[in-house]
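The values are calculated or read from the model by the stated rules, or taken from the named source; none is laboratory data. Nothing here was measured: the structure is a model prediction, and the numbers come from that model. Reconstructed Cβ throughout: ideal geometry from the backbone, glycine too, with neighbour counts over all protein chains shown. What goes into the accessible areas is simple: the full protein's heavy atoms, side chains included, and nothing from ligands, DNA or RNA. Shrake-Rupley method; radii C 1.70, N 1.55, O 1.52, S 1.80 Å.
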Amino acid sequence: MFRSQESIQNLLQKPNANLTSRLVNVVIVLMMINLAFYFAIDPFFETQFGNYKWIFVLLLPPVQYFLQRFLFVLTSRLGLLMFAADRLPVDPIERKAKWNLLKKYYPYTYYPTAVLSVLAAPLSTSFFLIFLVFLGLIYMYLLRVQLLKEVFGVSGAVAFWGPLLVELLISFVLTVIVFVISFLVITLFNIPLAP
C-alpha cells in the first residue's frame, strides 16, 4: 500500500503470479465491500431491488474490475501509439508480452484506490469521503504512470498524458453519442422535457 512503486519495480524484476492472482481477489473483495456500503446506505436500492441488490454486490465488482483493466490497457495502448510509437517494441511477440504485463500488474495500480474507497464508504457525504476518493484516484494515476514508465521506458509526461488524453477523447465521443441518441429519441417520440 505505502511502497507500491517499489513493489511494481520488484515485481517486474521478480514476477510472482501467485501473489498477483491473490491481489486480484483481494481487490475484487474490496470492491464488493465498498459497493455493499453504498447499497446498504442508500434507500433507493432497497426500494428498487429489495434483497436482489446483494446479487449485484456479488456480480458487479468482478465485471467492473475486468472492464476497468481492459480500458486501462486500451487507453495505454492508444496513448503510447500516438505519443511514443518509437519506444514500443517492433517485434509483435515482445510487444504483446509488454501489453500482457500491463494486464498482469493492473491490480497493483488499483489496490490503493480500492482500500481508500472502502475507508471512505462509511463516511457518507463528507469532506473526508471526497478527499479519500480523490487521493485514491491520484495515487492510482501515479502508479499507472510508474508502471508504463517501467514497462515501456517512456517519460513520465508521455505515460501520464497519453492515456489520459485518450480517456478524455473516448469520454467526449461517448457523451456526444449519448446526447445525439437522447435528442433523436426525444424528437422522434415527442417526449416532453418538463412535467
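Overview of values
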{"item": "Cβ-Cβ under 8 Å pairs, at least 6 apart or on other chains, the stretch 143-170 side in contact (Cβ under 8 Å) with a residue 60 or more places away in the chain, far side open to solvent by 30 Å² or more (accessible area, probe 1.4 Å) and of a type in the set (Ser, Thr, Tyr)", "result": "LEU164/TYR141"}
{"item": "Criterion: within 20 Å of VAL27 (Cα to Cα) and assigned to a helix (DSSP H, G or I) - qualifying residue of MET82, MET140", "result": "MET140"}
{"item": "Residues of the stretch 99-125 classified as open to solvent by less than 30 Å² (accessible area, probe 1.4 Å) and not in a helix (DSSP H, G or I), total", "result": "1"}
{"item": "Members of the stretch 31-75 found to be of a type in the set (A, V, I, L, M), in contact (Cβ under 8 Å) with a residue 40 or more places away in the chain and open to solvent by less than 40 Å² (accessible area, probe 1.4 Å), listed by number", "result": "MET31"}
{"item": "Filter result for ARG95 (in contact (Cβ under 8 Å) with a residue 60 or more places away in the chain and either in contact with a His (Cβ under 8 Å, 6 or more places away or on another chain) or of a type in the set (Lys, Arg) (or both))", "result": "no"}
{"item": "Matching helices (runs of 4 or more DSSP H) fully within the stretch 1-74 where at least 1 residues are at pLDDT 75 or above and within 15 Å of the chain's Cα centre (by Cα)", "result": "17-41"}
{"item": "Near pairs, Cβ below 8 angstrom, 6+ apart or cross-chain, from the stretch 98-117 (without any contact (Cβ under 8 Å) to a residue 40 or more places away in the chain and under 13 Å from LEU135 (Cβ atoms)) to any residue that is open to solvent by 30 Å² or more (accessible area, probe 1.4 Å) and part of a helix (DSSP H, G or I)", "result": "THR113/LEU137; THR113/TYR139; LEU116/LEU132; LEU116/VAL133; LEU116/LEU135; LEU116/TYR139"}
{"item": "Test: residue in the stretch 159-166 that is touching a Leu at 6+ places or on another chain (Cβ under 8 Å), of a type in the set (A, V, I, L, M) and in a helix (DSSP H, G or I)", "result": "yes"}
{"item": "Matching residues in the stretch 167-195 - criterion: being in a helix (DSSP H, G or I), loosely packed, with under 10 Cβ neighbours inside 10 Å and not β-branched (Val, Ile, Thr)", "result": "LEU188"}
